[in-house]
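Okay, so here's the structure we're looking at.
The values are calculated or read from the model by the stated rules, or taken from the named source; none is laboratory data. What you see is a predicted model, and the numbers here were worked out from it, not measured in a lab. Counting neighbours? That spans all protein chains shown, and the Cβs are built from the backbone with ideal geometry, glycine included. These accessible areas exclude ligands, DNA and RNA; they are computed on the full protein's heavy atoms, side chains included. Shrake-Rupley method; radii C 1.70, N 1.55, O 1.52, S 1.80 Å.
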Amino acid sequence: MVVGVCRVILNIDDAFSLKEKRQVVKSIVGRIKSRFNASVAEVGFNDKWKNAIIGISCVSNEAGHTDSMMANIVNFIENDGRVVLVDYSTENIYVD
């Protein structure tokens, strides 16, 4: 079993309150969940207006599948015009 994990740091320039930020983040998280069937949550910068950290994970039996899925999710986030993807990191965890 392979667990793919991704940490994405976002900048939300158009947010001027926590409410506006949470609307954007909630929308992105929901769209990723429905489109890619991945587990997604906001995991950092919870009290910052302009920034967010999103954690993403998926489980597969092949590392290539998790790599491909994470790459597609990162590309999906980059193409969303509401946020700027500042940085991301991915990792595969192998479980016997």
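Summary of computed values
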quantity	calculated
Residues (closer than 18 Å to residue 27 by Cβ, open to solvent by less than 40 Å² (accessible area, probe 1.4 Å) and of a type in the set (A, V, I, L, M)) located in segment 41-66	52, 53, 54, 56
Residues within segment 4-26 that are open to solvent by less than 10 Å² (accessible area, probe 1.4 Å) and without any contact (Cβ under 8 Å) to a residue 60 or more places away in the chain, tallied	3
Any pair with Cβ under 6 angstrom, 6 or more apart, that starts in segment 72-92 at a residue that is free of Cβ contacts under 8 Å to residues at least 60 places away in the same chain and ends at one that is outside any helix (DSSP H, G or I) and surrounded by 14 or more Cβ atoms within 10 Å (Cβ to Cβ)	78/85
Segment 27-40: number of residues that are under 12 Å from residue 83 (Cα atoms) and either open to solvent by 100 Å² or more (accessible area, probe 1.4 Å) or touching a helix residue (DSSP H, G or I) at 6+ places or on another chain (Cβ under 9 Å) (or both)	1
Residue under evaluation residue 92, criteria (1) surrounded by fewer than 16 Cβ atoms within 10 Å (Cβ to Cβ); (2) farther than 15 Å from residue 38 by Cα; (3) at pLDDT 95 or above, criterion not met	(2)
